[in-house]
1. Looking at the structure I just gave you, is D228 touching a residue at least 24 places away in the same chain (Cβ under 8 Å) and open to solvent by 40 Å² or more (accessible area, probe 1.4 Å)?
2. In the range 110-125, which residues are under 29 Å from the mean Cα position of the chain (by Cα) and either of a type in the set (D, E) or open to solvent by 60 Å² or more (accessible area, probe 1.4 Å) (or both)?
3. Checking the condition open to solvent by 90 Å² or more (accessible area, probe 1.4 Å), outside any loop (DSSP other than H, G, I, E, B) and under 27 Å from Q178 (Cα atoms), which residue from E144, E99, E128 passes?
4. Looking at the range 215-224, is at least one residue open to solvent by less than 40 Å² (accessible area, probe 1.4 Å), out of contact with any helix residue (DSSP H, G or I) (no Cβ under 6 Å at 6 or more places or on another chain), assigned to a helix (DSSP H, G or I) and not basic (K, R)?
5. Please indicate, with yes or no, whether at least one residue in the range 231-238 is of a type outside the set (S, T, Y), open to solvent by 70 Å² or more (accessible area, probe 1.4 Å) and within 18 Å of Y157 (Cβ to Cβ).
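The values are calculated or read from the model by the stated rules, or taken from the named source; none is laboratory data. Only a predicted model underlies this, so the values are computations on that prediction, with no experimental measurement involved. Quick reminder, even Gly has a Cβ in these numbers, built from the backbone with ideal geometry, and neighbours come from all protein chains shown. Remember, those area values only see protein heavy atoms, side chains included, never the ligands or the DNA or RNA. Shrake-Rupley method; radii C 1.70, N 1.55, O 1.52, S 1.80 Å.
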Amino acid sequence: MVQGPVAGARPGVAVAPTGEFGPAPEMPPAPEPLPLAPEPLPPAPARATPTAGVVFARHPSLAAEAMAVMEPEPDPKPTPVRGFDAVAESVLTPVVETEGAAFLAGPVTRINEAVKEGRIEEAATMAERTVAEAARTLGPDHPEVLRLGELSSYIAYLAGDALRSFHLSLDLARVRRQQRDPDAAYGNVQSAATAWRAVRDPAQGMNLGRVLIEVWTGLVADGGPAADDLEQLESARTRMGRLAERARARAGEGAT
């Protein structure tokens, strides 16, 4: 507190404190505590609003915006795993015994283990033997035999035998097309195309490419997934042009 003035004191002269203090100053009242959360506003009074049809008729642009809000865009279709990617994925997953083909579980597991451990030549031999045995028991067009054929084609590709891989995959594509399984057929065509790109001889590449594009074009005409992926087919045709240029250049070098 502040000491009040001493009676009789002269201005400019120090006076010893007397121990007496003046009245306490008046303090302003303490503010009310703020509420923890704002109080809800009272509901707005009901009033008549124009119907949606009237609003959209007056403002056509609002109709399109409203439809965009009411109709969400469909989720994009996931890209299916096709070709050797699908086969490689199956190698990493446990083998499931299927009815009527349980005898294949053991050999396929051993083949997959050999592939994962890099024993490709051994895996190729086992795969070829297993496919022959399965075809004798189940028939050449049985789904398990066809899946084994895909595995054999993949292993041949890993072993550097692009020509064998190409023919195995393209044969599977023809069978799958006859079975009216366009998705699996297109996956086999993709595998054949991968093997085809590994062929370095331009003349041989052109011969294989003509056969590949013929089967591929048939799948496009069927209206399956190949028809939705025309960029891949155009890429194959572009490679055919490059192979033709290389073949002509090589022929010119041989003539000189």
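1. Values: touching a residue at least 24 places away in the same chain (Cβ under 8 Å): no; open to solvent by 40 Å² or more (accessible area, probe 1.4 Å): yes.
No: the conditions fail for D228.
2. We begin by selecting, within the range 110-125, every residue under 29 Å from the mean Cα position of the chain (by Cα); these are 111-118, 120.
Selection gives E113, K116, E117.
3. Values: E144 fails: open to solvent by 90 Å² or more (accessible area, probe 1.4 Å); E99 fails: outside any loop (DSSP other than H, G, I, E, B).
Selected residue: E128, the only one of E144, E99, E128 that is open to solvent by 90 Å² or more (accessible area, probe 1.4 Å), outside any loop (DSSP other than H, G, I, E, B) and under 27 Å from Q178 (Cα atoms).
4. The first filter runs over the range 215-224 and keeps only residues open to solvent by less than 40 Å² (accessible area, probe 1.4 Å), leaving 215-216, 218-220, 224.
Okay, now just the ones that are also out of contact with any helix residue (DSSP H, G or I) (no Cβ under 6 Å at 6 or more places or on another chain), so 218.
In the following step, the residues that additionally are assigned to a helix (DSSP H, G or I) were identified as 218.
Next, only the ones that are not basic (K, R) stay: 218.
Within the range 215-224, one or more residues are open to solvent by less than 40 Å² (accessible area, probe 1.4 Å), out of contact with any helix residue (DSSP H, G or I) (no Cβ under 6 Å at 6 or more places or on another chain), assigned to a helix (DSSP H, G or I) and not basic (K, R).
5. The answer is no, given that none of the residues of the range 231-238 is of a type outside the set (S, T, Y), open to solvent by 70 Å² or more (accessible area, probe 1.4 Å) and within 18 Å of Y157 (Cβ to Cβ).
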